1. Could you figure out which of (1) of a type outside the set (Asp, Glu); (2) within 10 Å of another protein chain (Cβ to nearest Cβ); (3) buried (at least 21 other Cβ atoms within 10 Å of the Cβ); (4) touching a Gly at 6+ places or on another chain (Cβ under 6 Å) isn't true of B:Phe84?
2. For C:Leu203, indicate whether it is more than 19 Å from C:Ile265 (Cα to Cα) and of a type outside the set (Val, Ile, Thr).
3. From the list A:Ile44, A:Ile51, which one is in contact with a His (Cβ under 9 Å, 6 or more places away or on another chain), more than 30 Å from B:Leu147 (Cβ to Cβ), crowded, with 18+ Cβ neighbours inside 10 Å and at the interface with another protein chain (Cβ under 10 Å from one of its Cβ atoms)?
4. Can you find a residue in the stretch A:139-151 that is touching a residue at least 12 places away in the same chain (Cβ under 8 Å), facing chain C (nearest Cβ under 10 Å) and small (Gly, Ala, Ser)?
5. Name the helices (runs of 4 or more DSSP H) wholly inside the stretch A:48-166 in which the number of residues that are more than 12 Å from the chain's Cα centre (by Cα) and among the hydroxyl-bearing types (Ser, Thr, Tyr) is 2 or more.
6. Within the stretch C:216-229, can one find any residue that is of a type in the set (Gly, Ala, Ser), surrounded by fewer than 24 Cβ atoms within 10 Å (Cβ to Cβ) and within 10 Å of the chain's Cα centre (by Cα)?
7. Scan the stretch A:171-188 for residues that are within 8 Å of another protein chain (Cβ to nearest Cβ) and within 23 Å of the chain's Cα centre (by Cα) and jot them down.
Amino acid sequence: MLKILKYSFYDLMRSRWSYVYFGFYLLLGFVLLFLNNDVSKAVITLMNIIIVLTPLIGTIFGVMYYYNSKEFTELLLAQPIQRSHIIRGQYVGVSLSLTLSLVLGLGIPFVLYGLFMSAAIFDFGLLLVVGAFLNFIFVALSYNIALSTENKIKGFGYAILMWLMLAVIYDGLFMISLLLFNEYPLDTFSLAATMFNPIDLSRILILLQLDISALLGYTGAVFKKFFGTSFGMLSSLLVLVLWVWLPLLRMNWKLKKKDF
Amino acid sequence: MIEIKDLHKSFGKLTVLDGLDLSIKKGGIFAVLGPNGSGKTTLIKTLLGMVIPNSGSIALHGQDILGKHQYRNHLNYLPQIANFPPNLTVSELIKMVKNLRPKAANEKGLISLFGLEDFLSKKLGNLSGGTKQKVNIVLTFMFDSELIILDEPTTGLDPISLIHLKQLIQQEKAQGKTILITTHIMSFVDEIADEIVFLLDGKIYFKGSIEVLKKETGHKDLEAAIAQLISKQYA
Amino acid sequence: MKKLCILIGLLACIPAVFAKQIVVCQTCEVSTVKEAIAMAEDGDEVRVQKGWYRENSIVIDKSISLIGEEGAVIDGEQAAGILIFETDHFTIKGLKIINVGVSYTVDHAAIKVVRAKDFTIEDCVLENVFFGILIEKSARGRIRRNNISGQGTTEAGSGNGVHIWHSTGMEVSANELFHMRDGIYFEFVDDSEVFHNLSYQNLRYGLHFMFSNRDIYHHNEFRNNGSGVAVMFSKYISMYENKFMNNWGAASYGLLLKEIYDAEIYRNVFSKNTVAIKGEGCTRIQYTHNTFLRNGWAIKIAGACYTNIFEKNDFMHNYLDMSYYRKVNDNRFNNNYWSEYSGYDLDKDGLGDVPYRPVKLFSYLVNKTPESLVLLRSLFVDILNFSEKVSPVFTPDNLMDKNPLMQRIND
């Protein structure tokens, strides 16, 4: 698996798209810091971008890479390697190269602007960790879709739909149900609904590290209690791990029956 | 060497392999033929473990291979469409495939045979279809394995390379290896194959030497003989 | 005012000619404050020298000066109140008074003043007190440069730092108040001035007005309190150049206005409060040249508010600029700077050419269902706000700043 990972990673690290992605984040980092010159303020703006863009890019890269390397995958399948190792190697390769683009692209400008002397270093670190998680989660989800869909166009469609679902529609339904049931205590419901969407979970996880967390206390004691403690932080991270792990399980299960 | 028993495979409602039995002895060149959709590729992919059959068994040297992967170290496969990671160079790809197989490789002679020296440091994405096919052939023949499976090996090759390919196949045969080929080019089959395996409706419809086939169908020309076999499908 | 000063001067000077000084120390003839007070007559000075005096319930009914030298501490040992002044024209200065008894029935204070006029309380340190300075039915008192702190953990079990009731013409300045219930509390206090105080980490409010009129507070700083300042049932209050900071919490406000009339609020800074200003039943309030920086809500208006005018304020990076529960009525917004304004200024007059609507659909929804705050900063909410901005349906369409500024003005 490590060998496949290595070559997929090499392949992607040399791809034009990795550079475009890396360049985009680099530019974004510099522009943000140039515009307000305040590391901690830039972190908030960055959050908005990371929460939306990382999943989208992860999804598109995931499906694209799977379909584009289909023939090569077949060549690899004829080698004495387990098929799950091949796919998992590719998966880790894609996720890792995307994460590297993210971390370096944003890290370089922030380090140059004196991140290490800023109080925002923890927030920024968390932002990158969450960004990395989102990469791994959404590449895994898109690989699942690609593995289950022979047709490339359909696969792309489903993947984009999945992103749209988690990034926008889910929150819309969430909001509607909050409004519909607003006579009932909604604390626990909101908490659960947040856990079931990795984008929402990441957003809340970052928000809670910012001053604004006090504002969330406004919504109710359960939320404050849960997210205000290190227990909440740890369990949120654990749920993010689950969000990587479950799609990987399904991937394995699917691979056992999959015809190439 | 290869024992296939009662192999079934269907994709949704479409039945592709329908109780196929096949036994192939060690040594010789076998051409797997059949009309489009007869199950040639599925058969080969099942053998390679890429397609998982609904039922049936496949044994190599008496050992069941379904669900396993180590056996693939003892076979070389030339896929139909060569599409490699576009950002790797030719030499990196060769290095990688060598890296993936715990087996000695001899690629140097093959590289010079197909004149690929100048392309070694080029990215695979920038190569022409024919050159990619040459790289594909190098990757297949650089290992010493007793079973070689070639899926449309002649695609995109210039005449000189085609001659080199035929020589390679003959060399391997001379070493007592088993070679399975699928192709649509009958002259190639006529020239090179010892036996023909003809698939129809997911079963083996004919298996035997070219001479027997010609005799049975009453045609002197292989292409006409095959055409007659196929026409029975529509009769 | 001048005449008054001269009068006070004369009153202070004439007896001074005959005044004597009584020194208290633990090895002196007079070894307790109580004894000294008993011996003193109007106009005398009682000097308390370095030492630890364990006394409480000291009643002072003579117009004296009580001066503490460095190291002089009166320890109430948590039994009761400590000094009780029932006289006019007194001064207390430089004393350290600690450990006032906590009671749920009696308001024990370090310094209690009843029906007094023209007095000064300055440079005292009051530690671990229930109430710090408690003043009733008095006039023209000056409370300056005191440092007052308590250790209360519940609102019921703690008192206020400076608590004034039914008084006029008070000055409360340059005090430091912390770990109390309210830092400063005014009830029925008129024509008074509160300035240069620092009030922080108090359980309820940094400063609290009830039924008080014509008061001014300025140049104060309120940090990390339960809420910053509450002004309730009061008229003609002037509030300027104060800082309201870090009043974060589920129900925290920088400034809470409830049933008040004719106030002016200008050149204040509100930074990082859950709600910078919450107004309920406010009428004729002028908000000008204030800075609202990174608050949860900058303005939250509930109930019947009329003729509130917001002009030339800077609204910067607040999560939600504005929230309205009811009708906009005749409240006006004009010439404010909004950091989220995305309009343009083609004629270069410094004013945006399209109006700004500070109420977003999301803040409307949060009003209905607070839990939806969970969706803050999600893409869905951005889309929602954008579509509402393009064609307002739910948000009051007459709530807008027709001439938003392009640059901030209160730097």
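The values are calculated or read from the model by the stated rules, or taken from the named source; none is laboratory data. What you see is a predicted model; the values in this text were computed from it and never measured. FYI the Cβ positions are ideal-geometry reconstructions off the backbone, even for glycines, and counts take in every protein chain you see.
1. So the condition that B:Phe84 fails would be (4).
2. Values: more than 19 Å from C:Ile265 (Cα to Cα): yes; of a type outside the set (Val, Ile, Thr): yes.
Criteria met by C:Leu203.
3. Numbers: A:Ile51 fails: in contact with a His (Cβ under 9 Å, 6 or more places away or on another chain).
Going through A:Ile44, A:Ile51 in turn, just one is in contact with a His (Cβ under 9 Å, 6 or more places away or on another chain), more than 30 Å from B:Leu147 (Cβ to Cβ), crowded, with 18+ Cβ neighbours inside 10 Å and at the interface with another protein chain (Cβ under 10 Å from one of its Cβ atoms): A:Ile44.
4. Start the filter on the stretch A:139-151 by keeping residues that are touching a residue at least 12 places away in the same chain (Cβ under 8 Å), which leaves A:139-148.
Add one more test, that the residue is facing chain C (nearest Cβ under 10 Å), and what stays is none.
Looking for residues that are touching a residue at least 12 places away in the same chain (Cβ under 8 Å), facing chain C (nearest Cβ under 10 Å) and small (Gly, Ala, Ser), one finds none in the stretch A:139-151, hence no.
5. Working: elements: A:70-77, A:83-112, A:121-148, A:152-164.
Hits in the stretch A:48-166: A:83-112, A:121-148.
6. Taking the stretch C:216-229 first, the residues of a type in the set (Gly, Ala, Ser) are C:226-228.
Now drop any that are not surrounded by fewer than 24 Cβ atoms within 10 Å (Cβ to Cβ), which leaves C:226.
Narrowing further to those that are within 10 Å of the chain's Cα centre (by Cα): none.
No, the conditions are met nowhere in the stretch C:216-229.
7. Just the residues of the stretch A:171-188 that are within 8 Å of another protein chain (Cβ to nearest Cβ), to begin with: A:171-172, A:174-175, A:178-179, A:182, A:186-187.
Scanning the stretch A:171-188 gives A:Asp171, A:Gly172, A:Phe174, A:Met175.
The rows are residues; the columns are (1) out of contact with any Asp or Glu (no Cβ under 7 Å at 6 or more places or on another chain); (2) charged (D, E, K, R); (3) at pLDDT 85 or above.
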{"site": "B:Lys177", "(1), (2), (3)": "no, yes, yes"}
{"site": "B:Asp201", "(1), (2), (3)": "no, yes, no"}
{"site": "B:Gly218", "(1), (2), (3)": "yes, no, no"}
{"site": "B:Glu223", "(1), (2), (3)": "yes, yes, no"}
